[in-house]
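One structure below.
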Amino acid sequence: MQIATTRDVLRNAVAALRQDGVGQGRGRIALVPTMGALHEGHLTLVRRAREEADHVVASIFVNPKQFGPNEDLDAYPRQLAEDAALLEAEGCALLWAPTVSEMYPAGFVTNISVAGVSDGLCGAARPGHFDGVATVVCKLFNQVQPDVALFGEKDYQQLAVIRAMARDLDLALPCAESIIGVPTVREADGLAMSSRNRYLSAEQRAAAAALPRAMRTAIAAIEGGADVAGALAALQAEVIAAGFASVDYAELADSTSLAPLTVLGETPARLLIAARIGGTRLIDNMAVSA
């Protein structure tokens, strides 16, 4: 696996991969963007990417533009050597690992803002976060120009923002339809895998398993015809009783627009939640059937 840390090296490496294709005249490339601290969820994306393309390019970049004041930018785990070894073992062809100055050179002034899908949920709790996400992902798409890109559904609002950005800006590589959401990978007790799970103490980690359990209880109630507001209130109460300090939000939303729903209708819906335990903020989401 080649590791590129500058745009010139990346450009040449991607061009070489394009020359190495199977039956289509050019190599088909899949991109897996990450911030590193890789776990089984990330590796699942790489495995799926290998099914979608001739070559997999992964990126590791802890993006300062998506962290707000007093968030965990400095503490966010960085382990490039270990992550590179994991990616190579999974058959990744190229790792793009730029520095902050390489990604955002002196004089960088552009910001991409995606209204609507970014307004509520994590967008309300973390102002400016999704501007940073949309800006860096658009740059990654332009730098690598992949045929497909893969993201985990655990960050469901992020996936919706990126798809909207690709659609509205008429991106071609990848187009919005080639941005693939991969189902959340979970621990044995149901907790969604996350790089931030390593912040949890043993006691907090045990308590955190209550989050997906409470979500499944709420979903069963909503699908069974219970009042949505009442089910969401019960969900929040159960999470707090389990040891979480607070709930940023717990909402039923349209699965495409992320507009909040007060009743379960005909269109696909999603239950989304963000809650804090100790100093760690955990997010999760699950599908809700009409």
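For a test of the definition: using alpha carbon positions, the gyration tensor, and the 1.5 limit on a/c, classify segment 134-290 as rounded, prolate or oblate. Oblate shape, in that a/c is at least 1.5 and b/c is the bigger or equal ratio. Magnitude of the charge dipole for the chain, about its Cα centre and with charges confined to Cβ atoms of Lys, Arg (+1) and Asp, Glu (-1), is about 360 debye. Helix 210-223 and the long axis of the chain differ in direction by around 70°, with both axes built from C-alpha atoms. Fewest neighbouring Cβ atoms within 10 Å first, the residues Ser101, Ser113 line up as Ser101, Ser113. Which of rounded, prolate, oblate describes segment 10-109, given a ≥ b ≥ c as roots of the alpha-carbon gyration tensor eigenvalues and a/c under 1.5 marking rounded, otherwise prolate only if a/b is larger than b/c? Oblate, because a/c is 1.5 or more while a/b does not exceed b/c. Maximal additional length on extending the Asp170-Glu203 stretch stands at 7.2 nm, based on 0.36 nm per residue less the C-alpha distance.
For the chain, a Gaussian network of Cα nodes joined below 10 Å ranks Gly41, Gly107, Gly128 by mean-square fluctuation, and the top entry is Gly107. Of the trypsin sites (Lys or Arg not before Pro) in segment 42-98, the ones in a loop by DSSP (not H, G, I, E or B) with at most 14 other beta carbons within 10 Å are Arg78. Exposed loop sites were defined as GluC sites (Glu not before Pro) in DSSP loop states (anything but H, G, I, E or B) carrying at most 15 other C-beta atoms within 10 Å; in the chain the longest segment without such a site runs 72-265. Treating r as the C-beta distance of Glu88 and Val263 and R0 as 35 Å, the FRET efficiency rounds to 0.10. Calculated FRET efficiency, Ser113 to Leu73, Cβ-Cβ distance, R0 = 25 Å: about 0.80 to the nearest 0.05.
In the list (1) 64, 42, 34; (2) 56, 41, 39; (3) 75, 41, 33, the label attached to Cα extents along the principal axes in Å as derived from the coordinates here is (2). Set the Cα radius of gyration of segment 195-285 against 2.2 N^0.38 Å, with N its number of residues, and you get 1.09. Counting 0.36 nm for each residue step from Ala125 to Leu80 and taking away their Cα separation leaves a gain of 13.3 nm. The relative contact order of segment 2-182, computed from alpha carbon pairs under 8 Å that lie at least 6 residues apart in sequence, is 26 percent.
Any read-out appearing in this document is the output of simple, stated calculations on the displayed coordinates, not a laboratory observation. These figures come from a predicted structure and were not determined experimentally. Reconstructed Cβ throughout: ideal geometry from the backbone, glycine too, with neighbour counts over all protein chains shown.
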